[in-house]
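The values are calculated or read from the model by the stated rules, or taken from the named source; none is laboratory data. Quick caveat, the model's predicted, so the values are computed rather than measured. Using ideal geometry, Cβ is built from the backbone for each residue, glycine included, and neighbour counts are taken over all protein chains shown. When the accessible area is computed, the model is the full protein with side chains, heavy atoms only, and any ligands, DNA or RNA have been set aside. Shrake-Rupley method; radii C 1.70, N 1.55, O 1.52, S 1.80 Å.
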Amino acid sequence: MNKKLWVAVFLIILVIVSLISAVAALEFRKFEFQRLNEELANTKQELVSLEEDYVSLQKNYSDQQYQVMAAFTPSLETRLGAKVLVDNKSGANFGKNYLWVTGEIYNGGYGIAFDAKLWVKIYVANSTQPFVEVKDLGDIAPTDFYSVRWYKHEDAKIERWEIEVTCSITR
């Protein structure tokens with residue numbers, strides 16, 4: 001019976017040692033899981049910080065690109081005068097109204113003003129729709145100007161007008 005007792009004690013000790021090692025392994029896994037969880041939280045925080053830095057750098061880059069592009073954008077300035085004249089000379093044009101536009105269109109920017117156009121809207125009496133005249137000015141180089149000497153006659157009385165200059169920054 002002594003032998004059976006020793007076998008039983010051995011088995012009990014073996015079970016106890018197994019339980020202790022299993023509990024120790026679980027505690028180690030729990031500790032490792034907590035450490036990995038903390039590392040994951042730190043990595044997520046670093047990732048959020050890097051993403052914020054990336055967005056900030058992208059914004060700065062975009063702002064700088066915009067500033068560079070703005071420096072090479074044309075800036076058209078009009079130095080135009082307009083006046084309504086009436087032809088008082090006898091003949092076919094007697095009594096007709098003329099809108100006389102004269103002056104310069106100056107490119108004060110550092111970029112070429114491609115396909116510049118002079119738009120003149122003429123509003124006459126008893127009409128709600130303007131007559132629109134478009135004069136193609138071509139390309140205007142930086143610090144260059146385009147001289148304007150232009151007129152348009154109308155049979156009706158010219159009441160008002162609008163002048164606009166447009167261009168493109170690309171060809």
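Here is a yes/no grid of residues against (1) over 16 Å from Lys157 (Cα atoms); (2) aromatic (Phe, Trp, Tyr); (3) modelled with pLDDT under 90:
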position	(1), (2), (3)
Ala41	yes, no, no
Leu47	yes, no, no
Leu50	yes, no, no
Ser62	yes, no, yes
Gln65	yes, no, yes
Leu80	yes, no, no
Asn93	no, no, yes
Lys96	no, no, yes
Val101	yes, no, no
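Just one residue in the set Tyr106, Tyr110, Tyr123 is in contact with a helix residue (DSSP H, G or I) (Cβ under 8 Å, 6 or more places away or on another chain) and either aliphatic (A, V, I, L, M) or on the phi < 0 side of the Ramachandran plot (or both); that residue is Tyr110.
When you look at Thr78, is it open to solvent by 70 Å² or more (accessible area, probe 1.4 Å) and in a helix (DSSP H, G or I), yes or no? Criteria not met by Thr78. Of all residues in segment 128-159, those that are of a type in the set (Lys, Arg), in a strand (DSSP E or B) and either surrounded by 14 or more Cβ atoms within 10 Å (Cβ to Cβ) or modelled with pLDDT under 90 (or both) total 2. Gly103 satisfies every condition listed in (1) assigned to a strand (DSSP E or B); (2) open to solvent by less than 60 Å² (accessible area, probe 1.4 Å); (3) more than 17 Å from Tyr151 (Cα to Cα) except (3). Taking the criterion of being open to solvent by less than 40 Å² (accessible area, probe 1.4 Å) and modelled with pLDDT of 90 or more, the residues of segment 110-122 that qualify are Ala113, Phe114, Ala116, Leu118, Val120, Ile122. Of all residues assigned to segment 54-70, at least one qualifies as being surrounded by 12 or more Cβ atoms within 10 Å (Cβ to Cβ), free of Cβ contacts under 8 Å to residues at least 40 places away in the same chain and of a type in the set (A, V, I, L, M, F, W, C).
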